[in-house]
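Reviewing the structure listed below.
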Amino acid sequence: MQFEDRFKSEADCREYLLRLRWPDGFVCPKCGHGQAWWVQRDLYRCAKCDYQASLTAGTIFHGSRTPLMVWFRAMWHVTHARFGVSALGLQKELMLGSYHTAWAWMHKLRAAMVRPGRDRLGGTIEVSVMYMGGHHPGKRGRGAEGKNLVVAVVQSEGNRIGRIRLRRIQNASASELEKIVAQEVEPGSTVLTDGWSGFGGLGALGYKHVAIRKGAGRGEPSLAQTAKVAQLMDQWLRKTHQNGVQCAYLDYCLDEFTFRFNRRTWRSRDKLFDALVQQAAMVPPPTRAKNPPAGSSMLVAQAQT
Ligand SMILES: [Zn+2]
């Protein structure tokens, strides 16, 4: 199905959002009346008390002068693209004037990628530090400067991978790692890591910490699932950013990959689109994007070496 088949006009987008926000029909936030008239842009006026209700209040669309249709088109592009989205691809799709504007859009869309109030992962969890473009445990000290460090938190369900979280970190210190684990993993879970000393305090934080020894044999606990995730992420980045297009914005790429990965069994792209708009309707607008951080386009260069 094409975008144009579902959304022919701004009114279609408004209708769609209206149904998302009020699944059982409009309800006046002030008097509870069930009928309203559209006034302008995103404003509806209650037919009973004249209260003007904003359709976009509390959503990432709020206060934006960009038509909903452009927002929806961007989200359609993200969810229907075969691989991930690049700033250049988005620039073409939305016919944006500059690469910089496309980058700012990625910043906005990122806010919708993370489901508000998402739960922590539980059960058996592998936690591993990846350098973007590779998975080299044990090389955290020298030579790590200037590289992007990402913590992969991977739910291990026997031989298959459950859900994942990917978070960028400044360094692989105990305080950084413990902060991420506390945010992403339920206490009481079994946490598998390598032998890096930065993980040494996890037991004291209420986790069943298992440090995997190097060269673990068959049938022994391993970090096979995080290795697999690192490999898939690497492949995905290459496909997304082939033709020399680079991941301009690592945090965006991580969140998009996670969004898609955790819904990888969904057959329908339209359903993925619905989920993204639904999340967008639950979070306030992101703060204004700063300029792309210097050196942030290094990602793929590393991935390909
Ligand atoms: Zn009312």
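The values are calculated or read from the model by the stated rules, or taken from the named source; none is laboratory data. In this text, all values refer to a predicted model and were calculated from it rather than measured experimentally. FYI the Cβ positions are ideal-geometry reconstructions off the backbone, even for glycines, and counts take in every protein chain you see.
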Complete set of residues in the stretch 47-74 that are away from the ligand (no atom under 16 Å from the Cβ), of a type in the set (A, V, I, L, M, F, W, C) and surrounded by fewer than 22 Cβ atoms within 10 Å (Cβ to Cβ): Met69, Val70
Which one of these does Asn148 not meet: (1) at pLDDT 80 or above; (2) in contact with a helix residue (DSSP H, G or I) (Cβ under 7 Å, 6 or more places away or on another chain); (3) within 16 Å of Glu176 (Cα to Cα)? (1)
Restricting attention to the stretch 165-215, which residues are charged (D, E, K, R), modelled with pLDDT of 95 or more, in a strand (DSSP E or B) and surrounded by 18 or more Cβ atoms within 10 Å (Cβ to Cβ)? Arg165
Could you count how many residues in the stretch 75-86 are part of a helix (DSSP H, G or I) and either surrounded by fewer than 16 Cβ atoms within 10 Å (Cβ to Cβ) or within 16 Å of the ligand (Cβ to nearest atom) (or both)? 1
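Considering only the stretch 25-40, I want to know if a residue exists there that is part of a loop (DSSP other than H, G, I, E, B) and more than 15 Å from the ligand (Cβ to nearest atom).
Step one: filter the stretch 25-40 for residues part of a loop (DSSP other than H, G, I, E, B), giving 25-35.
From what is left, the residues that are more than 15 Å from the ligand (Cβ to nearest atom) are none.
Scanning the stretch 25-40 turns up no residue that is part of a loop (DSSP other than H, G, I, E, B) and more than 15 Å from the ligand (Cβ to nearest atom).
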